[in-house]
Amino acid sequence: MQKRIFSMWVAVFAMLFVYSSRVSAQDVSDEYKSQLREMLTVSGSLEGARQVVPQLLALVKQQQPEISDEACRKVEETFNVKVIDRMVDLYAPIYIKYLTLDDLKQIVAFYQTPAGKKWGEATPSITLEGTKMGQQLGMELAGEIQQALQDAK
């Protein structure tokens, strides 16, 4: 199950790297991007992104144990920043369609409250557990639908 989730993240980030250069962010100001980065950080949305690079490096290290830990640390530092930068660049044109700069500021303000902090900290765990439950539900429903189609013949 974790391999499936990890594979999904790898695919998402591969798409981010391939398509981020194609997405036009001309209408998105640096202030908007900065506020979006803050909102994605405090909301817990970037937590999954921060876990991808170390996981990928661990896989590479297993296949190539001669790579030094220091090299992995340097690459991790560099690519963690790149992943976040590219995510913000990729998401900004989408978010700006639906949320104003003032909206983002208000959302960040919420996440600075005790309830917002708690929600932001819990979001990655809730998302992971929800994803697992969603996959389980999908598998159950697929079986039930397949059986219903067989019964309908």
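The values are calculated or read from the model by the stated rules, or taken from the named source; none is laboratory data. Note that the structure is predicted; figures quoted are calculated from it, not measured. Neighbour counts are summed over all protein chains in view; Cβ atoms, including those assigned to glycine, are modelled from backbone coordinates with ideal geometry. For the accessible areas, the whole protein counts, side chains as well, though only heavy atoms, and no ligand, DNA or RNA atoms are used. Shrake-Rupley method; radii C 1.70, N 1.55, O 1.52, S 1.80 Å.
A simple spin-label model places the labels of Glu38 and Thr127 2.0 nm from each other, with each point 7 Å out along Cα-to-Cβ.
Structure shown: which of Lys61/Lys117; Lys74/Lys105; Lys61/Lys118; Lys33/Lys97; Lys97/Lys117 lie over 23 Å apart, alpha-carbon to alpha-carbon? Over 23 Å Cα-Cα: Lys61/Lys117; Lys74/Lys105; Lys61/Lys118; Lys97/Lys117.
For the range 17-147, which whole-number percentage of the solvent-accessible area (1.4 Å probe, protein heavy atoms only) is attributable to carbon and sulfur atoms? Accessible surface attributable to carbon and sulfur in the range 17-147 totals 56 percent. The Cα atoms of the range 58-153 give a gyration tensor whose axes a ≥ b ≥ c have a/c of 1.5 or more with a/b no greater than b/c, which makes the shape oblate. Looking only at the range 99-126, which residues have a backbone nitrogen under 13 Å from a spot 7 Å from the Cα of Arg50 in the C-beta direction? Within reach of a label on Arg50: 120-125. Taken per residue, the accessible surface of the range 109-153 reaches 80 Å², heavy atoms only and a 1.4 Å probe. Geometric descriptor of the range 34-101, per residue, is 82 Å³ (volume of the convex hull of the Cα atoms). Of all aspartates and glutamates in the structure, those lying under 16 Å Cα to Cα from Lys153, and not within fewer than 8 positions of it along the same chain, are Glu144.
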